[in-house]
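Q: Take this structure, written in structure tokens, and hold onto it; I'll ask about it next.
The values are calculated or read from the model by the stated rules, or taken from the named source; none is laboratory data. Owing to the predicted nature of the structure, the values given are computational and were not obtained by experimental measurement. Cβ atoms come from the backbone with ideal geometry, glycine included; neighbour counts cover every protein chain shown.
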Amino acid sequence: MKSFLKEAERISALPIESRVNRLGGYGPCGEVIYEGHPSGCPSVLVDGQKNATATFMSNGSVDFMVKLPNGMEVKVLDGHFDISEKREVNAPSSQLWIAVEKKGGHRIASLMTPRNNIHFAPKSVRLVKLGDPRRAMWYTAEFELDKGEALLSRVKLSFVYTDKGPALLRETALKNIGSKPVSGKLWSHFTLHGTQLFVYNKQIWYDQGMALSGTESVVSARVPWSDVLQVKRLSADLFGLKPLQATCDYSIFAGDSAANLFFPDAVLKGALLPGGAGASVSRFAVPAIAANSYAFALKPGRTAALRQSLLYITDEATYTRFRKTSSAPKPLYKSIAPAFKKAAQELVKQTPGAAAIRQAAPARGTDDVFPFFELTLPREKVVANYANSVWTGVKELYENCRAHGAKLADGIELGTRDRAQDMWPKIKEDPGRVRQDLVHALSFMYITVEGNPDKLKGRLTLRQKLHGMFPRQYPSHWFDRTKSVMNDNRPYTDSPVWLIDALCMYVRETGDISLLFESVSTIRLTNPDCPEKSGIVGNRARFTLLEIIMQVYACFERHAKDTPYGICQILYGDWCDPVDMFGTFPVGDAGTRGQGQGVEVRLSAHVFISAVAFLDLLESEKVQGKISAFRLKPDIKRLKVFANRLRQNIIKVAWEDGTGAGFIGTIHELKRNGKRPAYKKGELGYTLGSMKGFDFDGEKRRVLTVQAFCLEMLRIERNYLAPVPERDRKVAALLQTVDQVMYDPKLGLRLYNIPIGNNQIALDYVGRMGVVPSGTAENGEYHHAQAFMHTFRMDVPGQVDKAFQQFKPMMSALRDESIAGPFETPCTSYVSDPDDPHFGRAMYFGLSGSTDWIVEIFNKIAGICFNLHDDRLPAVSVRPNLPKALDHSLIFRRIIHFSTGAGRYRRIPFTLSIQPKGMVPAGICINGVVSEKAEVKSLEKMKELKIEIVR
């Protein structure tokens, strides 16, 4: 216990070195410290190891999930708070209370959420979140009873993986900080129901548990029609505590049906209720829990401690043995209970307890742990701490997929676009997982046309347009592709483009070109004429990922040729799906979405950008060699011609000069009155995002996402692309518009300078945006949009300072507590209407996109470029792009995953150090050797990489 108690003292004394707002700030080593709870959304910490994930929230919610080899997800503990909806959805599955007997009755307080108390309000609370290399969440509180009587509680939650399975470690310390002795009880609880996959969905029928002693409890659950056995061991290690009572019987702990787990009857009454199973085997009739009580008597200055480990057994030999031993010879309780007890006792001997698990946990701060992402900015410490704490959320984002996550097929639903963006930071941590997920995600291409789709004649039908598209979402696991899966099969038209972006990043950063030649299957729609009501089933056709990607671009080319505007059609919407009524024909007919020839300019610019990046990838001699070896014949020339023509058409159709210069966002095939425009004369259908008054409601507006992607599109140069006429003037005019009509000093950049109304006109001519409250979310200010612009603007010569200035309001750590959420976590959007009482309040903390793009922004500031796939280019090059506010000072550390074969990597620690010239002359050193350029040709023989730049 000594190391824990020593760490507890350090946590209690930890100063806030960089205060963010009234609620807290960052500690000396970037620790996130709260002295009060955020009002709208808690802080979240996730630790994912192998097949298990633990999620800790500052409001005491704890979630513990294990994925079995068959794809089943076992909920060992259920979280009780929904981050997206920002409300409670369950009773707490784990809790701690202290109870002290005083005149007038018990004084009771939760140690996880001390505001839940009975005449025992905390004097102060402190929450501390630690990131890598040893993640943990601390909950501390100070209590005063009477004069001279005071207690300090410290609770630490962490996650450990043992050779027998994953374990949640909960360590608690109670210290008497008063001048008088204090005695009382410490109560502990875990709800440990089994997870079933049975037709009745009854969680408790197959559960049974037993308290072997005051420090050991074992709970198990069978899964019908399977060999799955869920076995959990709760073990405790005590210091200065006396065990009193223990049970696995919910009813004698929680109480009757009017009771609740915030204040169970046993805690209120000071003892387990009479009757029930007590410490014996509890099964069938009541839920399985593990509840314990302990007595403490502390003299001034003394401490009591409780260390608990909740171990889920994944070791097959161990749970097989448990199954065999616990099988009773007779179907009677008198036979069942002794058999279970024998098996539980045997399990305790075979598996590590709380003390052993704590000793197995790696020590915090060990030198041999190199970060996957770590930024140091001496001149902007809060910004650097924010960047590092944003990185801490990457695991949670990838595992819990907040954008979706409902049950689907054999797993959960994953948003195609969201998952693809989440892959970007995940590449830096676990490229093997990303590789696996890319292969799976790219196996969902629609096959809806027999024969050659490029030989189709006449106006394309919806079915014909879908050939080569991808669904809006897909199941994380789908074991039997002959069985139809009902999901949202409206294609977000940009879904495959984001996957291609992730694939290109993966190949560039790892050098693993073999991914392009993985073979995947495809899917077909059960009702291809009505995808929103269709299921999906597996299709026999198989292609390499390179062929899949070429077919995606061929699909976009068909769409562009099919419309009079010559750019990509919107179908059911792209990134901003609430504008899908632009894909109707005739105007306003929701039943014809996807059948019209309306176009989306942001989507078109994105397709252009990704096509150029993919063509760059294909120019690698190693890739060309593989293409020949696989006897593939991608029509690279055709893709180059399409990319060139696409950009020319975007500029021709969507660029507007003059006041508020920039690009139109979305264009319907027809005018508002349903008439066809005179396309040859340059007429357009009604629009969204025009400053010329062509919008559906006559307003003059700009859309930020469109300007961001078109900014990047304008600047790209290749030998197969025609130059953009007056490019620099267009770039300058577009940025001037962004500065003048989009920027708000509190919010940063708005998505729309004028939101879309919540009225019938908007519903008929735009789509779901007519329902999204004006001035909020994607109808107001949206972090995705901001991040797009900041990222692309940083590459424009002379614009990095302006981009950084406009990026700052987007960082939660640079806002006050009115943001209503955790300051260390990015949000998705703010309420942007200044007259709204919630103006500036955020929604959806930690959602896909915001986190991913922020990580990339900091990579872009460092100026690091990877090309591990192409021997003609430097494997690593650095072109620092630091804003003046950083004063030429930056230290950036990460891991480079150098591919040694398909899905295999060698880790190379990489440190980039940039400092201003002073005592040290200007220059560049690579691994201690002076160099003319900050470039490394090859990483083949390198064990580590250090680049030092003095400017």
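Q: Have a look at 50, 75, 86, 103 and point out the one that is modelled with pLDDT under 95, under 27 Å from residue 175 (Cα atoms) and of a type in the set (Lys, Arg).
A: Numbers: 50 fails: under 27 Å from residue 175 (Cα atoms); 75 fails: under 27 Å from residue 175 (Cα atoms); 86 fails: under 27 Å from residue 175 (Cα atoms).
That would be 103, the only listed residue that is modelled with pLDDT under 95, under 27 Å from residue 175 (Cα atoms) and of a type in the set (Lys, Arg).
Q: Which one is surrounded by the fewest Cβ atoms within 10 Å (Cβ to Cβ) among residues in the stretch 132-160 that are assigned to a loop (DSSP other than H, G, I, E, B) and more than 24 Å from the chain's Cα centre (by Cα)?
A: In the first step, residues of the stretch 132-160 are kept if they are assigned to a loop (DSSP other than H, G, I, E, B); the result is 132-135, 145-149.
Remaining after also requiring more than 24 Å from the chain's Cα centre (by Cα): 145-149.
Values: 145: 17, 146: 13, 147: 9, 148: 12, 149: 18.
By that ranking, first place goes to 147.
Q: A further question on this structure: Among the residues of the stretch 841-881, how many are of a type in the set (Phe, Trp, Tyr) and in a helix (DSSP H, G or I)? Don't jump to the end; show me each part of the working.
A: Applying the first criterion (of a type in the set (Phe, Trp, Tyr)) to the stretch 841-881 yields 844-845, 853, 858, 866.
Okay, now just the ones that are also in a helix (DSSP H, G or I), so 853, 858.
Of the residues in the stretch 841-881, 2 are of a type in the set (Phe, Trp, Tyr) and in a helix (DSSP H, G or I).
Q: Please find, among 236, 290, 337, 305, the residue that is touching a Cys at 6+ places or on another chain (Cβ under 7 Å) and not aromatic (Phe, Trp, Tyr).
A: Values: 236 fails: touching a Cys at 6+ places or on another chain (Cβ under 7 Å); 337 fails: touching a Cys at 6+ places or on another chain (Cβ under 7 Å); 305 fails: touching a Cys at 6+ places or on another chain (Cβ under 7 Å).
None of the others qualify; the one that does is 290.
Q: How do the pairs read when you match residues in the stretch 481-502 that are more than 19 Å from residue 439 (Cα to Cα) and among the β-branched types (Val, Ile, Thr) with residues anywhere that are part of a helix (DSSP H, G or I) and modelled with pLDDT of 90 or more, using Cβ under 8 Å and keeping only pairs 6 or more apart or on different chains?
A: These pairs meet every condition: 493/603.
Q: Are any residues in the stretch 487-515 in a helix (DSSP H, G or I) and of a type in the set (Val, Ile, Thr), and if so, which ones?
A: Filtering the stretch 487-515 for residues in a helix (DSSP H, G or I) gives 495-510, 513-515.
Those that are in a helix (DSSP H, G or I) and of a type in the set (Val, Ile, Thr): 497, 500, 507, 510, 513.
Q: Moving to a separate point now. Quick one: which residue in 352, 274 is farther than 15 Å from residue 248 by Cβ and free of Cβ contacts under 8 Å to residues at least 24 places away in the same chain? Full working, then the answer.
A: Values: 352 fails: free of Cβ contacts under 8 Å to residues at least 24 places away in the same chain.
One residue alone meets the criteria, 274.
Q: Only one of 185, 129, 180 is outside any strand (DSSP E or B), in the same structural domain as residue 355 (by TED's automatic domain parsing) and either at pLDDT 95 or above or among the small types (Gly, Ala, Ser) (or both); which? Before the answer, list the steps.
A: Working: 185 fails: outside any strand (DSSP E or B); 129 fails: outside any strand (DSSP E or B).
Going through 185, 129, 180 in turn, just one is outside any strand (DSSP E or B), in the same structural domain as residue 355 (by TED's automatic domain parsing) and either at pLDDT 95 or above or among the small types (Gly, Ala, Ser) (or both): 180.
Let's see how each residue does on (1) in contact (Cβ under 8 Å) with a residue 24 or more places away in the chain; (2) touching a helix residue (DSSP H, G or I) at 6+ places or on another chain (Cβ under 8 Å):
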residue	(1), (2)
747	yes, yes
754	yes, no
758	no, yes
761	yes, yes
769	yes, yes
772	yes, yes
777	yes, no
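Q: Could you tell me which of the residues 30, 36, 79, 40 is surrounded by 14 or more Cβ atoms within 10 Å (Cβ to Cβ), of a type in the set (Gly, Ala, Ser) and within 16 Å of residue 390 (Cα to Cα)?
A: Among 30, 36, 79, 40, only 30 is surrounded by 14 or more Cβ atoms within 10 Å (Cβ to Cβ), of a type in the set (Gly, Ala, Ser) and within 16 Å of residue 390 (Cα to Cα).
Q: Let me ask something additional. Is it fair to say residue 328 is assigned to a helix (DSSP H, G or I) and out of contact with any Leu (no Cβ under 9 Å at 6 or more places or on another chain)? So that I can check it myself, show each step before the final result.
A: Values: assigned to a helix (DSSP H, G or I): no; out of contact with any Leu (no Cβ under 9 Å at 6 or more places or on another chain): yes.
Criteria not met by residue 328.
Q: Can you give me the number of residues within the stretch 631-688 that are outside any helix (DSSP H, G or I) and either out of contact with any Lys or Arg (no Cβ under 6 Å at 6 or more places or on another chain) or surrounded by fewer than 24 Cβ atoms within 10 Å (Cβ to Cβ) (or both)? Talk me through it step by step, then tell me what you get.
A: Step one: of the stretch 631-688, the residues outside any helix (DSSP H, G or I) are 631-635, 655-678, 682-688.
Checking the rest, the ones that are also either out of contact with any Lys or Arg (no Cβ under 6 Å at 6 or more places or on another chain) or surrounded by fewer than 24 Cβ atoms within 10 Å (Cβ to Cβ) (or both) come to 631-635, 655-661, 663-678, 682-684, 687-688.
Final tally of qualifying residues: 33.
Q: If a residue must be within 18 Å of residue 749 (Cβ to Cβ) and in a helix (DSSP H, G or I), how many such residues does the stretch 814-840 contain?
A: 2
Q: Here's another thing I want to ask about it. Would you be able to say whether some residue in the stretch 65-75 is within 25 Å of residue 153 (Cα to Cα) and among the hydrophobic types (A, V, I, L, M, F, W, C)?
A: Applying the first criterion (within 25 Å of residue 153 (Cα to Cα)) to the stretch 65-75 yields none.
The answer is no; no qualifying residue exists.
Q: Right, another one. Among the strands (runs of 3 or more DSSP E) confined wholly to the stretch 221-323, which include 1 or more residues that are more than 30 Å from residue 105 (Cα to Cα) and not polar (S, T, N, Q)?
A: Numbers: elements: 229-239, 242-249, 288-298, 303-312.
Strands (runs of 3 or more DSSP E) meeting the threshold: 229-239, 303-312.
Q: Which of the residues that make up the stretch 594-630 are under 23 Å from residue 870 (Cα atoms), out of contact with any Ser or Thr (no Cβ under 8 Å at 6 or more places or on another chain) and either among the polar types (S, T, N, Q) or not in a helix (DSSP H, G or I) (or both)?
A: Selection gives 610, 619, 620, 624, 628.
Q: Mind listing just one residue for me: the one in the stretch 576-603 that is over 21 Å from residue 566 (Cα atoms) and small (Gly, Ala, Ser) and, of those, surrounded by the most Cβ atoms within 10 Å (Cβ to Cβ)?
A: Top of the filtered list is 588.
Q: Let me ask something else about it. Report the residue count in the stretch 103-120 for those that are among the β-branched types (Val, Ile, Thr) and in a loop (DSSP other than H, G, I, E, B).
A: Filtering the stretch 103-120 for residues among the β-branched types (Val, Ile, Thr) gives 108, 113, 118.
Filter once more, keeping what is in a loop (DSSP other than H, G, I, E, B): 113.
The qualifying residues number 1.
Q: Against the condition among the hydrophobic types (A, V, I, L, M, F, W, C), in contact with a strand residue (DSSP E or B) (Cβ under 7 Å, 6 or more places away or on another chain) and buried (at least 19 other Cβ atoms within 10 Å of the Cβ), how does residue 847 come out, does it pass? Before the answer, list the steps.
A: Working: among the hydrophobic types (A, V, I, L, M, F, W, C): yes; in contact with a strand residue (DSSP E or B) (Cβ under 7 Å, 6 or more places away or on another chain): yes; buried (at least 19 other Cβ atoms within 10 Å of the Cβ): yes.
Against the criterion (among the hydrophobic types (A, V, I, L, M, F, W, C), in contact with a strand residue (DSSP E or B) (Cβ under 7 Å, 6 or more places away or on another chain) and buried (at least 19 other Cβ atoms within 10 Å of the Cβ)), residue 847 qualifies.
Q: Then there is this: For the list (1) under 14 Å from residue 219 (Cα atoms); (2) surrounded by fewer than 18 Cβ atoms within 10 Å (Cβ to Cβ), I need the number of the one condition that residue 347 fails.
A: For residue 347, the exception is condition (2).
Q: So is residue 108 over 28 Å from the mean Cα position of the chain (by Cα), over 30 Å from residue 15 (Cβ atoms) and crowded, with 21+ Cβ neighbours inside 10 Å or not? Spell out how you get there, then give the answer.
A: Numbers: over 28 Å from the mean Cα position of the chain (by Cα): yes; over 30 Å from residue 15 (Cβ atoms): yes; crowded, with 21+ Cβ neighbours inside 10 Å: yes.
It is true that residue 108 is over 28 Å from the mean Cα position of the chain (by Cα), over 30 Å from residue 15 (Cβ atoms) and crowded, with 21+ Cβ neighbours inside 10 Å.
Q: Return yes when residue 820 is in contact with a strand residue (DSSP E or B) (Cβ under 7 Å, 6 or more places away or on another chain), buried (at least 22 other Cβ atoms within 10 Å of the Cβ) and farther than 27 Å from residue 600 by Cβ and no when it is not.
A: Numbers: in contact with a strand residue (DSSP E or B) (Cβ under 7 Å, 6 or more places away or on another chain): yes; buried (at least 22 other Cβ atoms within 10 Å of the Cβ): no; farther than 27 Å from residue 600 by Cβ: yes.
For residue 820, the condition - in contact with a strand residue (DSSP E or B) (Cβ under 7 Å, 6 or more places away or on another chain), buried (at least 22 other Cβ atoms within 10 Å of the Cβ) and farther than 27 Å from residue 600 by Cβ - is not met.
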